[in-house]
Amino acid sequence: MKKAIAEAIGTCVLVVVGCGTAMLVGCDAAAGSGYLLTALAFGLAIVAMAYSIGNISGCHVNPAVSLAFWLKGELKLKDFITYAIAQCVGAFAGTVILALIFALGGVEDMTGAFGANGVAGVNGNHLAGLLVEIVLTFIFVTAILGVTSKKASHGSFGGLVIGLTLVLVHILGIGLTGTSVNPARSLAPAIVACFTGNFAPLGALWIFIVGPAIGSFLAAMCSHYFEKE
């Protein structure tokens, strides 16, 4: 139960800080500052949570990450399911918190959908968006598996490496898909946006579930291959 609560809290913080920053400053690549601020917000949120709850649950805060650990046999199936549910609950809690803050404060949501992901950056092409999410998730999860490997020699800098890798994939991905690499982070804003009458994020939502799942699978297989004696 403690691990589930930690995962819910961690994912909630990720959504509040990351999606909240996107809502506030926008993610227009041409503007530059908002683009980079959003990337940093997501990455720094992971750094903060890695050193806060990492010793409790491992700080997955992402069903795609938990999937990779399950595929490698480092997480039991029941724990994977528990983690995924807790992460989705945390993501919904974070999105509701943002909805309340922006509604009560009268702040404009520059994204119009609580930081939900989309494929406008690839001209609405779903296959291109799917490829982006597969590649970015592969990079992100590969870094996590490498840092947490028993053979790793990162000392106490693992959380920092993971957070910076998330910044890295956001720098490329924000202008293309908004960068998900996390089904829970994409699901909650898309669903909550429906209550405001914005159903647009639902059209491409499958991409941000299937893409990270495939990317995670490929990362787990590569990690398993390289770790074999």
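The values are calculated or read from the model by the stated rules, or taken from the named source; none is laboratory data. Predicted model only: the values in this text are computed from it and were never measured. We place every Cβ from the backbone using ideal geometry, glycine too, and count neighbours over all the protein chains shown.
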(message) Taking the conditions exactly as written (crowded, with 17+ Cβ neighbours inside 10 Å, more than 20 Å from Ile46 (Cα to Cα), of a type in the set (A, V, I, L, M) and modelled with pLDDT under 95), does Leu205 satisfy them or not?
(response) no
(message) I'd like the full set of residues that are assigned to a loop (DSSP other than H, G, I, E, B) and either surrounded by fewer than 23 Cβ atoms within 10 Å (Cβ to Cβ) or out of contact with any helix residue (DSSP H, G or I) (no Cβ under 6 Å at 6 or more places or on another chain) (or both), limited to the range 28-77.
(response) Asp28, Ala29, Ala30, Ala31, Gly32, Gly58, Asn62, Lys72, Gly73, Glu74, Leu75, Lys76
(message) I'd like the full set of residues that are on the phi > 0 side of the Ramachandran plot and free of Cβ contacts under 8 Å to residues at least 40 places away in the same chain, limited to the range 61-104.
(response) Gly73
(message) Kindly evaluate Val25 against the criterion of being closer than 20 Å to Ser186 by Cβ, modelled with pLDDT of 90 or more and touching a Leu at 6+ places or on another chain (Cβ under 8 Å).
(response) no
(message) Within the range 123-146, take every residue that is part of a helix (DSSP H, G or I) and of a type in the set (S, T, N, Q) and give me the one that is surrounded by the fewest Cβ atoms within 10 Å (Cβ to Cβ).
(response) Thr142
(request) Could you list, in sequence order, all residues of the range 142-176 that are within 22 Å of Leu205 (Cα to Cα), at pLDDT below 95 and of a type in the set (Val, Ile, Thr)? (result) Ile171, Ile174
